[in-house]
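The values are calculated or read from the model by the stated rules, or taken from the named source; none is laboratory data. Predicted model only: the values in this text are computed from it and were never measured. A quick note on method: Cβ atoms are made from the backbone with ideal geometry, for glycine too, and the neighbour counts reach across all protein chains shown. The accessibility values were calculated without ligands, DNA or RNA, using every heavy atom of the protein model including side chains. Shrake-Rupley method; radii C 1.70, N 1.55, O 1.52, S 1.80 Å.
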Amino acid sequence: MPILDPSSGAANGPGSPSGRTFAQIRARANFGLVLPSAAVLVSPTLTMKKTRAHFPRIKTIAYEGPKTTNALAFRHYNPDEVIDGKTMAAHLRFSIAYWHSFRGAGTDPFGSATLQRPWEKGSDPVSIAKHRMDAAFEFFQKIRAPFWAFHDRDIAPEGRTLAESNRNLDRVVDHARDLQRATGVKLLWGTANLFSHPRYMCGAATNPDAHVFAYAAAQVKKALDATKRLNGTGYVFWGGREGYETLLNTNLKREQDHLAAFLHMAVDYAKSIGFKGQFLIEPKPKEPTKHQYDFDVASGIAFLRTYGLEKHFKFNVETNHATLAGHTFQHEIEVAAAQGMLGSIDANSGDLLLGWDTDQFNTDVRELTLAMLSILRAGGLGTGGFNFDAKLRRPSIDLEDLFLAHIGGMDAYACAFKIARRILAEGKFEEFVAARYASFDRGYGRTIEQRRVGFRELSKLALSKLGEPRPRSGKQEYLENLLGSYLH
Ligand code: XUL
Ligand code: CO
């Protein structure tokens, strides 16, 4: 039942916090609370007419602190709070994924759309696209996300020809530019959808047909133009169809060479148009393709280095992709950070009982605290951000569910951010780890790190002086308890 629907308030919501009905919570939440003063700017096409607001019953989400019982308020994410000279909004750089939040309709392989959105109307596909975009920008502002991210085909309809698709994109990108100017919301990154259309069923850059390669190149060229026009801070390559279903029909080496050629062309083109945004590879081991070449961060690094691309790319690490590859989220962040290649995060989570990319909003503060520790130790995400590549569950059909989902995700990240900062400020883990490796800071340990000794010298040392090493506890349980002391 919708929190905002008074007629539904009589029954006890099964999920209602602290046993209260949502209507009771709403009544309480609306009593005596100061709503944010910042008025939501609306699209130029809306000409500020309230009646045409797409979420008329939801105000800009306010920070009300951990004690609030208002489900439509932030408990930890206080965008305006200044920490170390920067607002939380600027630290966390949250971004909304257009494809899930404004193109996802609740379909799954067994059923059709469940989400009926009131803004899905207009005289033709481009005007529907613009109308939808007005709703999206109203949402970005009300949820207080400073960024958004898109695929070309999310925002503008595919035409009958490539030229028509390009024209459609131009018209919608113009509209996006106006909305960005009017609202101050910025583009985190753009990308091209090289996986939905049947032409890409056997890959885009790795398709055995050069015709498809050329078509994909044309599409990415246009998507780069659009991203540049919207001042995107980055551009993402996610190769959902870049891989194989069976080696019986595949020349793996040739496909990898082609993928590298494609990425080199993208680098050259970006340079030629003066696009300065960060290029990002988003690894994923499988789904939709059985085996994807950008399996995980480690194989991505090997690929980029093999083909001389490592200077031009960083990684967009996605939580659910990490777990599909058999890794933790923190592991993938740490591997990228170790090479100075951590770029951005697709923030979501998977269901470990299911074997596919469920793209859920992540509310696991422990997992996010570990991730935040690695991100903060690496110096942050720079021009990247936390993009909610996450979708509502199929039965979550109320408009407010879109807000509740993002509030949960943003609060969990904000909470993790604060805990991780406290952990780092106290430095207990750093101290422990530094002590664990201290034997490499001096004596022969130091000469090993400096590569000034070899097997001969070390063998002589072990035989003459060192003798048998004394085992030392890894203290995992102590460290887990220490982590727990920050969490609860
Ligand atoms: C798919 C996925 C994509 C990329 C962008 O699993 O994560 O949405 O983030 O193409
Ligand atoms: Co993603």
Span from the region 393-432 Cα centroid across to the region 440-454 one, whole angstrom: 41
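With every protein chain kept in the model, how would you rank V365, V185 by accessible area, 1.4 Å probe, largest at the top?
Working: V365 40, V185 10 Å².
Order by accessible area, largest first: V365, V185.
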Round to the nearest 0.05 the FRET efficiency obtained for L463 and E287 when R0 = 60 Å and r is the Cβ-Cβ distance. 0.70
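What is the Rg over Rh value, at two decimals, for region 292-369, using alpha-carbon atoms and the Kirkwood definition of Rh? Please list the in-between numbers first.
Numbers: Rg = 12.8 Å, Rh = 12.9 Å.
That ratio is 0.99, to two decimals.
State the Kirkwood hydrodynamic radius of region 347-467 in Å, one decimal place, computed from all pairs of distinct Cα atoms.
Roughly 18.3 Å, rounded to one decimal.
What value, in deg cm²/dmol to 500, does the helix sum -39500 (n - 2.57) over DSSP H runs of n ≥ 4 give at 222 nm once divided by the residues of the chain? Kindly include the intermediate steps, with their values, before the conclusion.
Details: 16 runs with 201 residues, N = 488.
When only DSSP H runs of four or more count, the value is -13000 deg cm²/dmol.
Tell me the Kirkwood radius of region 61-111: reciprocal of the mean inverse pair distance over distinct alpha-carbon atoms, in Å. Could the numbers behind the result be given before it?
Working: mean 1/r = 0.0741 Å⁻¹.
Result for region 61-111 stands at 13.5 Å.
What's the magnitude of the charge dipole for region 66-140 around its Cα centre, counting Lys and Arg as +1 and Asp and Glu as -1 at the beta-carbon? Answer in Debye, nearest 20. Walk me through the numbers on the way to the answer.
Details: 9 positive and 8 negative charges, 14 e Å.
Using Cβ point charges on Lys, Arg, Asp and Glu, region 66-140 gives about 60 debye.
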Dipole of region 137-181 (Lys/Arg Cβ +1, Asp/Glu Cβ -1, origin at the Cα centre): which of A145, A156, L179 lies farthest to the positive side? A145
Convex hull volume per residue for region 146-206, taking Cα atoms only, in Å³: 80
Placing unit charges on C-beta atoms (Lys and Arg positive, Asp and Glu negative, everything else neutral), compute the dipole magnitude of the chain about its Cα centre in debye, rounded to 20. 960
Cα centroid distance between region 59-119 and region 276-349, in Å? 25
Can you compute 3J(HN,Hα) from phi for each residue in region 351-365, using the Karplus curve 6.51 cos²θ - 1.76 cosθ + 1.60 with θ = phi - 60°, rounded to whole Hz and x for Gly and Pro? 9, 5, 8, 10, x, 10, 7, 7, 6, 8, 6, 8, 10, 8, 5
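Need the full-extension length gain, R181 to D364, defined as separation in residues times 0.36 nm minus the C-alpha distance. One decimal, nm. Mind showing how you got there, number by number?
Values: separation 183, 0.36 × 183 = 65.88 nm, distance 3.48 nm.
Full extension from R181 to D364 adds 62.4 nm.
Which of the peptides 254-264, 337-347 is most tightly packed, and how do the rest follow, judged by the mean count of other Cβ atoms within 10 Å per residue? Please report the intermediate quantities before stating the final value.
Working: 254-264: 17.8, 337-347: 21.4.
Highest mean packing first, the order is 337-347, 254-264.
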Run the 1.4 Å probe and let me know the accessible area of K428, rounded to the nearest 10 Å². 90
With every protein chain in place, the accessible area of F275 for a 1.4 Å probe, in Å² rounded to the nearest 10, comes to 20
Kindly rank 74-84, 475-485 from highest to lowest mean number of other beta carbons found within 10 Å of each residue. 74-84, 475-485
Where in region 232-262 is the amide nitrogen less than 17 Å from a point lying 7 Å along the Cα-to-Cβ axis of D268? 257-262
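When each pair of different Cα atoms in region 247-393 is counted once in the 1/r mean, what is the Kirkwood radius in angstroms, to one decimal? Show your work: numbers first, answer last.
On the way: mean 1/r = 0.0624 Å⁻¹.
Across region 247-393, the inverse of the average 1/r is 16.0 Å.
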Can you tell me how much longer the chain between A302 and V433 gets when fully stretched, taken as 0.36 nm per residue apart minus their C-alpha distance, in nm with one decimal? 44.4 nm
Relative compactness, region 105-150, computed as alpha-carbon Rg over 2.2 N^0.38 Å: 1.36
Say the dipole of the chain comes from +1 at the beta carbon of Lys and Arg and -1 at that of Asp and Glu; which of H488, T289, L381 then lies farthest toward its positive end? L381
Spin-label pair R160/T114, simplified geometry with 7 Å Cα→Cβ offset, distance in nm: 3.7
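Ordering T107, T250, T87 by how much accessible area each has at a 1.4 Å probe, largest first, what is the list? Walk me through the numbers on the way to the answer.
On the way: T107 90, T250 25, T87 50 Å².
Order by accessible area, largest first: T107, T87, T250.
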Taking every alpha carbon pair in the chain and sorting the distances into 20 angstrom bins from 0 up to the bin holding the longest one, the percent per bin comes out as 21, 52, 23, 4, 0
Treating region 78-175 as a set of equal point scatterers at the Cα positions, no solvent, please give the Debye-formula log₁₀ I(q)/I(0) at q = 0.20 Å⁻¹. -1.02
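When the Kirkwood radius is taken over all Cα pairs of region 395-448, what Stokes-Einstein diffusion coefficient follows at 20 °C and 1.002 mPa s, in µm²/s? The partial results should precede the final answer.
Numbers: Rh = 14.8 Å.
Reported coefficient: 145 µm²/s.
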In this structure, the FRET efficiency calculated for I128 and R422 from their beta-carbon separation, with R0 = 45 Å, to the nearest 0.05, is 0.45
